[in-house]
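The values are calculated or read from the model by the stated rules, or taken from the named source; none is laboratory data. All figures in this text were calculated on a predicted structure; none of them were measured in a lab. We place every Cβ from the backbone using ideal geometry, glycine too, and count neighbours over all the protein chains shown. The protein model used for the area step is the full one, side chains on, heavy atoms only, and it has no ligands, DNA or RNA in it. Shrake-Rupley method; radii C 1.70, N 1.55, O 1.52, S 1.80 Å.
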Amino acid sequence: MEILYGIHSVKEALNARQRVFFEIYFVKEKLSPPLKTIEFLAISLKIPVTKVKASFLKSLAKTSRHQGVAARVSLYPFSDISEIIDNPKKSGYNNFLLLLDNIQDPHNLGALARTALCAGVEGIIITKDRSAGPTPAACKASAGALEHLPLVRVTNMVKFVKELKKKEFWIIGMEGEAGKSVFSIDLSCNIAIIIGGEEKGIRPLVKKECDHLVSIPNLGQIDSLNASAAGAVVMYEALRQRRYS
């Protein structure tokens, strides 16, 4: 079990119906409209609801940023890649995956997941080692998006990328020093976009498997965008090409 906290995390987990809810805790004070919505949904689903002191909620969530609600739930349910790419597609568009190569900050994972869900990404792939996982902090940073978006965990990213290439995916790696702009390539085909770790970027062996290494034009005085901002740019460029061009 683990403790989810925050209005969006708990609400979207309830809506997604992927986790088992054992109990939901609210602050004893008068509930705000968003908290009342969660309480009503919990009661309708026959989930036990308990009113507690703010100090207890802070201790339970291990943070003061709980927004007045926390829930004792089952662990995050990882998906299998076959659930994403082997099932018949309903959208009518080509596959669109996001691969995170050693993203270690849970807030970056959450921010990327939030953008991915909004931009039409069908699933996120992370590595088992040296990567941020779907912790309660990441789920809160995603505003609940991680509850709706398939997340796949693989042991070997290089091997996984090779398998995607056999399935006719184009592998697009984000590289700050790449000479090719993200706005100059076709992102409407079956693609897997790779975002590298916060400090070192995409690892060399993974980078070697990329069909294209692309960068985001930068007219400023700093080196580059951070991982979540760069990911947002490329994901929305892919969305634009797929549905609005």
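For a quick check, take a GNM of the chain with Cα springs below 10 Å and name the residue from V214, V206, V52 with the largest mean-square fluctuation.
Result for the chain, Cα springs under 10 Å: V52 fluctuates most.
Given a 1.4 Å probe, how much area per residue of the chain is accessible, in Å²?
Result: 51 Å² per residue.
C118: accessible area at probe 1.4 Å, nearest 10 Å²?
Result for C118: roughly 90 Å² accessible.
Count the DSSP beta bridges whose two residues both fall in the chain, then state the antiparallel fraction as a percent rounded to the nearest 5.
Numbers: 10 of 37 bridges.
Counting DSSP beta bridges with both partners in the chain, the antiparallel share is about 25 percent.
Relative to the longest principal axis of the chain, what angle (0 to 90°, nearest 10) does the C-alpha long axis of helix 157-166 take?
The angle comes out at about 60 degrees.
With charges set only on the Cβ (+1 for Lys and Arg, -1 for Asp and Glu), what does the dipole of region 11-87 come to about its Cα centre, in debye to the nearest 20?
Result for region 11-87 is approximately 640 debye, rounded to the nearest 20.
Set the bar at 21 Å for Cα to Cα. Now go through K140/K207; K167/K200; K11/K128; K36/K58; K62/K128 and name every pair that lies beyond it.
K140/K207; K167/K200; K11/K128; K62/K128
With only Lys, Arg, Asp and Glu charged, each at its Cβ (+1 for the first two, -1 for the last two), find how big the charge dipole of the chain is about the Cα centre; round to the nearest 20 debye.
820 debye
Please give the net charge around E12, taking every other residue with its beta carbon less than 12 angstrom from that of E12, where Lys and Arg add +1 and Asp and Glu add -1.
Numbers: positive: K11, R17, R19, R114, K140; negative: E147.
Value of the local net charge: +4.
On a straight-distance basis, which aspartates and glutamates could pair with K180 in a cross-link, Cα separation under 15 angstrom, same-chain partners fewer than 8 positions away excluded?
Leaving aside aspartates and glutamates fewer than 8 places away in the same chain, those within reach of K180 are D211, E237.
Please give the calculated 222 nm ellipticity per residue for the chain, where each DSSP H segment of at least 4 residues contributes -39500 (n - 2.57) and the sum is spread over every residue; nearest 500 deg cm²/dmol?
Values: 9 runs with 85 residues, N = 245.
After summing the helix terms and dividing by residue count, I get -10000 deg cm²/dmol.
In whole percent, how big is the carbon plus sulfur part of the accessible area of region 97-245, probe 1.4 Å, protein atoms only?
50 percent
Pick out, from A13, I185, C118, the residue whose Cα sits farthest towards the positive end of the charge dipole of the chain, with +1 on the Cβ of Lys and Arg and -1 on the Cβ of Asp and Glu.
Looking along the dipole axis, the top candidate is A13.
Order 68-78, 4-14 from most to least packed using the mean count of other Cβ atoms within 10 Å.
In descending order of packing, they fall as 4-14, 68-78.
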